[in-house]
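Peer 1: One structure coming up, written as structure tokens, with questions to follow.
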Amino acid sequence: MTITATLPKPITEYQAQSAEELYRRTVAAKQTLGERVMILGHNYQRDEVIQHADFRGDSLLLAKLAAERSERPHIVFCGVHFMAETADILSRSQQTVILPDMAAGCSMADMAAIEQVDQCWEALGRVVPVEETVMPAVYVNSAAVLKAFCGEHGGITCTSSNAKAVIEWSWARREKILFFPDEHLGRNTANKMGIPREQMIVWDPYQPNGGNTKEAIKRAKLILWKGHCSVHQMFQPVHVDHFRKQYPGGHVIVHPECHEDVVNKADLIGSTEFIIRTVTAAPAGTIWAVGTELNLVNRLKHELTDKKVFFLSSTVCQCATMFRIDAAHLCWAMENLAEGHIVNRIVVPDDDKHWAKVALDRMMAIS
């Protein structure tokens, strides 16, 4: 008997299919795989994809769920690249992590390359004894190699909900913090903690010494990397003012990746999970303007019909890279998996995986 090996189906076969056909085939593939697969859907994911998810949430929550369910050998992560990396770091060795579209990245995560962070560390070392005085703290919205950098240098990771605890942990151990790659999360957290502005500086990786004098570096307690989320930076103070004029009794809730001028005008600030919990639990009839990614806000609007939910900005603010994962890519990944082909597997090198997990474990120990 001759056995003919099959090749993975190309994505081009799926891109011309109708939404109904893609839905049907994805459901069929999921039924075929059964307990062998788990689909994770990030809160910012489009509806046509997240409807297939076994779990919804933010990136770290989903990665933890994957690790806790080690009986599922395959994890299809409908998010962006750094999220799938975190899932691979925390998952068991027998599990495989699949990202339906490798082009789904994160512009903020890309604003801090490891070469730039190494150069920053060396530059700081020419001004202060860096290993003894500077604690590297990286946002989980970052590449695995940056998490590994922090782990190896005694540092830690943080999320948008535990940044304050991480900053306190870091200052209890070292005089300064290098916080990257999102300067807004760091600044907004420090502002809330009452840290004076003169103790914060911004590090521009394209400038000598980050654009700072040696005296400013020595004086600083918080060194903020010049990076931002391309979605959250689009919200402006004028959007808050416009909403308040239209709905004087309404509430404004925004993500801490927004600029401080927006955060300072908002009623509440918090992570995507905090936003979901708060608006969901709010009394019927209340009015909310939400400053975070559009897919999440639209989902709240459609699901919470007992209250009014508005998108804070008049401009469309979608996560363009998250949007790359569509129904066609999910169906393609699932059908190939059902036929024994693992496509777009995310594998973090062992050394990076070890040190990244050290940084993540430090964070989870204090969260």
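The values are calculated or read from the model by the stated rules, or taken from the named source; none is laboratory data. The model shown is predicted, which means the values in this text are computed figures rather than measured ones. Here Cβ is always computed from backbone atoms with ideal geometry, including for glycine, and neighbour counts include all displayed protein chains. Surface accessibility is based on the protein's heavy atoms, side chains included, excluding ligands, DNA and RNA. Shrake-Rupley method; radii C 1.70, N 1.55, O 1.52, S 1.80 Å.
Peer 1: Going highest first, how would you order 51-61, 10-20, 323-333 by mean Cβ packing within 10 Å?
Peer 2: Averaged packing, sorted descending, gives the order 323-333, 51-61, 10-20.
Peer 1: Picking from 229, 185, 252, whose Cα lies most toward the positive end of the charge dipole for the chain (charges on Cβ: Lys, Arg +1; Asp, Glu -1)?
Peer 2: Selected residue: 252.
Peer 1: Moving on to the next point. If you restrict to DSSP beta bridges whose two residues both lie in the chain, what percentage is antiparallel, to the nearest 5?
Peer 2: 5
Peer 1: On the full set of protein chains, 1.4 Å probe, figure out the accessible area of residue 244 and give it in Å² to the nearest 10.
Peer 2: Answer for residue 244: close to 80 Å² accessible.
Peer 1: How large is the helix-only mean residue ellipticity at 222 nm for the chain, computed as the sum of -39500 (n - 2.57) over DSSP H runs with n ≥ 4, divided by its residue count, in deg cm²/dmol to the nearest 500?
Peer 2: Helices in the chain give a 222 nm mean residue ellipticity of -12000 deg cm²/dmol.
Peer 1: Next up: Relative to the longest principal Cα axis of the chain, at what angle does helix 114-125 sit, 0 to 90 degrees, rounded to 10?
Peer 2: For 114-125 against the chain, the angle is about 20 degrees.
Peer 1: Explain nothing, just the number: relative contact order of segment 79-125, from Cα pairs under 8 Å at least 6 residues apart, as a whole percent.
Peer 2: Relative CO of segment 79-125 lands at 41 percent.
Peer 1: Under 8 Å for C-alpha pairs, at least 6 residues apart: give me the relative contact order for the chain, rounded to a whole percent.
Peer 2: 23
Peer 1: Can you give the local net charge around residue 160? Use residues other than it whose beta-carbon is closer than 15 angstrom to its beta-carbon, Lys and Arg +1, Asp and Glu -1.
Peer 2: Around residue 160, the surrounding residues sum to -3.
Peer 1: Another question about this same structure. Lys and Arg at +1, Asp and Glu at -1: add these up for the other residues within a Cβ distance under 15 Å of residue 287 and post the number.
Peer 2: Neighbour charge sum, excluding residue 287 itself: +3.
Peer 1: Here's another thing I want to ask about it. When the solvent-accessible surface of protein heavy atoms is calculated with a 1.4 angstrom probe, in what order do 232, 341 fall, highest first?
Peer 2: Final ranking, largest accessible area leading: 341, 232.
Peer 1: Can you tell me the accessible area per residue over segment 133-228, all protein chains present, probe 1.4 angstrom, in square angstrom?
Peer 2: 36
Peer 1: Are there chymotrypsin sites (Phe, Trp or Tyr not before Pro) in segment 133-218 that DSSP marks as loop and that have at most 14 other Cβ atoms within 10 Å, and which are they?
Peer 2: Taking segment 133-218 and a limit of 14 other Cβ atoms within 10 Å, the loop chymotrypsin sites (Phe, Trp or Tyr not before Pro) found are 206.
Peer 1: Put 180, 310 in order of accessible area, largest first, 1.4 Å probe: what do you get?
Peer 2: 310, 180
Peer 1: Taking a ≥ b ≥ c as the square roots of the eigenvalues of the Cα gyration tensor of segment 249-367, is the shape rounded (a/c under 1.5), prolate (a/b larger than b/c) or oblate?
Peer 2: oblate
Peer 1: Quick one: compute the contact order of segment 32-175, relative version, from alpha carbon pairs under 8 angstrom and 6+ residues apart, as a percent.
Peer 2: Relative contact order for segment 32-175 comes out at 17 percent.
Peer 1: Dipole of segment 68-220, Cα-centred, from +1 at each Lys and Arg C-beta and -1 at each Asp and Glu C-beta, to the nearest 20 debye?
Peer 2: Computed about the Cα centre, the dipole is about 500 debye.
Peer 1: Does segment 111-199 classify as rounded, prolate or oblate by the C-alpha gyration tensor (a ≥ b ≥ c root eigenvalues; a/c under 1.5 gives rounded; else a/b over b/c gives prolate, otherwise oblate)?
Peer 2: oblate
Peer 1: Now a separate question. Using only Cα atoms and rounding to the nearest 10 degrees, what angle (0 to 90) does helix 237-246 make with the longest principal axis of the chain?
Peer 2: Tilt relative to the chain: about 70 degrees.
Peer 1: Under 1.5 on a/c is rounded, so check that first for segment 1-82, then, if it is not, pick prolate when a/b is larger than b/c and oblate when it is not; a ≥ b ≥ c are the square roots of the alpha carbon gyration tensor eigenvalues.
Peer 2: Oblate, since a/c reaches 1.5 and b/c is not below a/b.
Peer 1: Determine the sum of side-chain charges near residue 365: Lys and Arg each +1, Asp and Glu each -1, restricted to other residues whose C-beta is under 14 angstrom from that of residue 365.
Peer 2: +2
Peer 1: To make sure I understand the rule: partners must be lysines, Cα under 20 Å from the Cα of residue 226, and not fewer than 8 residues away in the same chain. Which ones qualify?
Peer 2: 147, 164, 176, 192, 214, 218
Peer 1: In segment 35-184, with Lys and Arg counted as +1 and Asp and Glu as -1 at Cβ, which of these residues, 90, 49, 136, has the Cα nearest the positive end of the dipole, that is, farthest along it?
Peer 2: 90
Peer 1: Between helix 294-303 and the chain, what is the angle of the helix's C-alpha long axis to the longest principal axis, kept within 0 to 90° and rounded to the nearest 10?
Peer 2: Approximately 70 degrees, to the nearest ten.
Peer 1: In addition: Any idea what the dipole of the chain comes to, in debye rounded to 20, about its Cα centre with Lys/Arg Cβ at +1 and Asp/Glu Cβ at -1?
Peer 2: Charge dipole, the chain, about its Cα centre: 820 debye, nearest 20.
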